[in-house]
Structure formats: structure tokens, C-alpha cells
Amino acid sequence: MSITRVVVPALLTLAPLAMASLAAQSPKYDLLLTGGHVIDARNNISAVRDVAIAGGKVAAVAEKIDPAEALKTVSVSGLYVVPGLIDIHVHAYTGTGERNSYAGDNSIYPDGFTFRSGVTTVVDAGGAGWRNFDDFKDRVIDRAKTRVLALVNIVGNGMRGEKFENNLDDMQAKPAADMALKHKGLIVGVKTAHYAGPEWTPVERAVEAGTIANIPVMVDFGTDHPERPVAELVTKKLRPGDIYTHMYSGLRHELVDGHVNPGLIEGRQRGVLFDVGHGGGSFAWRVAVPSMKEGFIPDTISTDLHIGSMNAGMKDMINVMSKFLVLGEPIDQVIAQSTWHAARAIKQEGLGHLSPGAEADVAVLRLERGKFGYVDSFGARMDGDQRLVCELTVRAGKVVYDLNGITRPEWTTLPADYRATGDVRWDALNPGRR
Ligand SMILES: [Zn+2]
């Protein structure tokens, strides 16, 4: 009894001390990026700042954060530190069905193509409709490290081929809207694409679904038809907040007599958004250059990523962004169009910025000066003197891409048996896990 009486008070006294010393040993931040130029459009930041990450979230953005408070500090001086890029037009799913020439058949698995160009969020543009969305979710969305959001196709079968995409009977607003409501925050819009007929039905049904589910519609306006002019689409059929993609294709009279179609300008004044959607056939210098000169700039920059476009002029998100630098846009604007403006277009305002508390999706980019060439969807080159390169990508606080190993220790500084420590293993890239 006497021993117990002595020991218990001693433990009670020591416990708070022990906890305090543990807290002192464990740094406040997992990762600290110092000295980079932060561009965060939502928070009106374009300045040199330190960015601290803890527990998968942005913990602090400030002029100076003490490295002593971080488990790992990485200097990113001379680089741009921006929110993880958001590409609102990619193709990451193809339903089983007949093969055709459209993007869906060439869809890519996201993680292989996103992180290496600073992209942490993609929006699949209508690969699946309500009939096969569950399959898309199971096979791709739930397995990808990239955040994959979706526009549900107004066609129940999604992009399964021309036969399916031209079937008006399979374009039903109610089941598409129901699927979107079932997956709120995952299905962020409705897509209509590739329609070859003269009817307005695909657009009308998509808008109906978007209205029921309170989400935007993205339109790939398909084959040109005099019965449904693009001006009428954006001034009458679409709602403010709906998105016209492929804005510089020139395939649907985006230019009239060398000038921006006045209907598109009126559409923008109504609040319709205009997206690049570069793709394999939707970005022409002869459309983009005069449009930009007249101030018809993109609301959002996106790739229309699929196997065809990535091996042709499009390549990847930062290549498309570099084109807009070469076209004369300031870098702050290019970043905004690829982050915060993209998040707002899909009404996901928790994304696209580096506010403390936001999920730590971060891209670190290098702006190179030199002699570069940029090719449009039709094989024409424009020379430029700037190119963005992705140096580092962080997704939910984890390093998922590191071009030059800037978060890694130099090998000669490590113990001889470093291969066994796990400390430098590729799967230990998340500093917080060590
Ligand atoms: Zn597309």
C-alpha cells in the first residue's frame, strides 16, 4: 500500500511533463515550402510566401514560417507555388461498346498523366451516362489518387460511340439528374457532346437535367448545323454558368469574318462560361490569336485530354497553359484560369486555392525562358519564349511527383544501408509518414 501511495502521485506529476516534451519533439508541420512565388487568385496573393502543410491540409501561408516547426523543409525559391491544377475537360472513362473516332475511346487512366503536369483534380467530361456511371466510379474514380470528378453525359450510355451519342431516346433528363443528385460533389455537371443531328434536344435535355440537379452543363456542340447556330446556343439555350467548351475550335463559327462571333460575346455578358478544351481538333491558332486580340480570353483552361490529343499538339495541361503565356496572358491570369476559376466553374469552391484548412493540393512550377514551339490541333506551330515545367506536385499533403527530387535527401548524405531504412523509399514520399 505504501508503495502505491508513493508511485501514483509521481506518475500524475510526470505525465503532463512527458506530454509536453513529446509535443516539442513533434514538429507542427509535415512539409514546408519556402521562398516560392505563391499565386492564389481566391486569396489575392501573388508574392513570395512560405507554405506549410500539416495533416494533408494547408496549415499556413505567410511571409516567413520557421523551418524549426517543420519535419521537412524544401526551398522552392525561384519557382511558382500554386494550387493543384484543375483540368475541367478530360476523358478518363469509356463505356464498353462499339469503337469510334471520338475521345471517349481514347480515354486515359488519370494518375499516369495528371501529377506530372501539376494537375490534382480532373473532371471527366461525359465519359459515362447514368447507365454506366457506377462502373466508372468503381473502375476509375474510387481507385485513382487524382481527384476525379465527373460531368454525367445526358446520353444514358455516355460516350460509347456515335450510334449511342446520336440516340435521342437515350437522352433523359430525370435519370441523369437523379444520378447527379445521388453523387453530389462528385458529379459536378452535365455534358452533351458530339451530336450530329439538327435538333436542339440534346442541349435542352442537358439543361433540364442541370436545372433539376442545380449543376452546370458543358456543351461540346458537335457537328455544325444551320438549324442550331452557336449564337442561339449561348444567348438563349444555355443558362448563366453553363460552359461552352472548344471555344477556339473555329468549327462552329466561333469567328465570323475574322472577328469573334458577336453572339459569343453576348453569351459571355449573360454569364455563359467559355472553356478551352484544346483536344485533338478544337484549338486553332487562327482562331485563338484574333480572339485573344479582341479580348475574348478563356474563363477556364482545359485540355480535353485523351490519347489522341496528348500525343499531338495538346500534350498536357502545362503545355496548354504555356500557350496562353505565349499568347500574352500574364502568369497570374493563366494560373487563375487553371485553378480558382476552374473550381468556380464547377461550383467546387473548396478547391483551387491555398487557404488554411483547404486540402493540400499544390503544384510547384518552373517558368523556363528559351526557344520553344507550340503546335495547335491542326498541326500549325507558333514559336514562343516561355514554357512552364512541373517541378513538384502535392496531393492531399503527399508528394506525388517530384521531377528533380527536391524533397529527397542527396544519396551520399545517407547511411550506407539506406535502402533498408524505408526513409527514402518511393512509397515513403509523404514526409508525415516517417
Ligand atoms: Zn472532350
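Give the number of residues within the range 233-259 that are open to solvent by less than 10 Å² (accessible area, probe 1.4 Å), out of contact with any strand residue (DSSP E or B) (no Cβ under 6 Å at 6 or more places or on another chain) and under 23 Å from residue 323 (Cβ atoms). Total satisfying the criteria: 3. Every condition in (1) touching a strand residue (DSSP E or B) at 6+ places or on another chain (Cβ under 7 Å); (2) of a type outside the set (Ser, Thr, Tyr); (3) at pLDDT below 95 holds for residue 222 except the one numbered (1). Of the residues that make up the range 100-112, is at least one in contact with a helix residue (DSSP H, G or I) (Cβ under 7 Å, 6 or more places away or on another chain), surrounded by fewer than 16 Cβ atoms within 10 Å (Cβ to Cβ) and more than 19 Å from residue 277 (Cα to Cα)? Among the residues of the range 100-112, not one is in contact with a helix residue (DSSP H, G or I) (Cβ under 7 Å, 6 or more places away or on another chain), surrounded by fewer than 16 Cβ atoms within 10 Å (Cβ to Cβ) and more than 19 Å from residue 277 (Cα to Cα), which makes the answer no.
Restricting attention to the range 319-335, the residues that are open to solvent by less than 10 Å² (accessible area, probe 1.4 Å), touching a residue at least 60 places away in the same chain (Cβ under 8 Å) and under 16 Å from the mean Cα position of the chain (by Cα) total 3.
Here is a check on your reading of the model: is residue 279 within 16 Å of the ligand (Cβ to nearest atom) and either free of Cβ contacts under 8 Å to residues at least 24 places away in the same chain or within 19 Å of residue 158 (Cβ to Cβ) (or both)? Considered against the rule, which asks whether it is within 16 Å of the ligand (Cβ to nearest atom) and either free of Cβ contacts under 8 Å to residues at least 24 places away in the same chain or within 19 Å of residue 158 (Cβ to Cβ) (or both), residue 279 comes out as yes.
A search for C-beta distances below 7 Å between a residue of the range 217-232 that is within 12 Å of the ligand (Cβ to nearest atom) and any residue that is open to solvent by 10 Å² or more (accessible area, probe 1.4 Å) and among the basic types (Lys, Arg), counting only pairs 6+ apart in sequence or on different chains, returns 221/252.
Scanning the range 337-368 for residues that are part of a helix (DSSP H, G or I) and open to solvent by less than 10 Å² (accessible area, probe 1.4 Å) turns up 337, 338, 342, 343, 345.
Filter the range 350-381 for residues that are touching a residue at least 24 places away in the same chain (Cβ under 8 Å) and of a type in the set (D, E, K, R); which is nearest to residue 293 (Cα to Cα)?
Keep residues of the range 350-381 that are touching a residue at least 24 places away in the same chain (Cβ under 8 Å), which gives 351-367, 372, 374-380.
Applying the additional criterion that residues be of a type in the set (D, E, K, R) yields 359, 361, 366, 376.
Numbers: 359: 37, 361: 33, 366: 27, 376: 17 Å.
Within the range 350-381, the match that is nearest to residue 293 (Cα to Cα) is 376.
Filter the range 208-229 down to residues that are closer than 21 Å to residue 283 by Cβ and surrounded by 21 or more Cβ atoms within 10 Å (Cβ to Cβ), then give me how many there are. Let's see the steps before the verdict.
If we filter the range 208-229 for residues that are closer than 21 Å to residue 283 by Cβ, which is where we start, we get 218-224.
Keeping just the survivors that are surrounded by 21 or more Cβ atoms within 10 Å (Cβ to Cβ) gives 218-221.
Going through the range 208-229 one residue at a time, the tally reaches 4.
Given the condition within 16 Å of the ligand (Cβ to nearest atom) and buried (at least 24 other Cβ atoms within 10 Å of the Cβ), answer yes or no: does some residue in the range 160-181 qualify? Yes, the conditions are met somewhere in the range 160-181. Filter the range 283-330 down to the residues that are within 16 Å of the ligand (Cβ to nearest atom) and β-branched (Val, Ile, Thr) and list them by number. Passing the criteria: 300, 301, 303, 307, 320.
The values are calculated or read from the model by the stated rules, or taken from the named source; none is laboratory data. Predicted model, so just to flag it, every value in this text is computed and none were measured. Cβ: placed from backbone, ideal geometry, glycine included. Neighbour counts: every protein chain shown. Accessible surface is based on the protein model in full, side chains and every heavy atom, while ligands, DNA and RNA are left aside. Shrake-Rupley method; radii C 1.70, N 1.55, O 1.52, S 1.80 Å.
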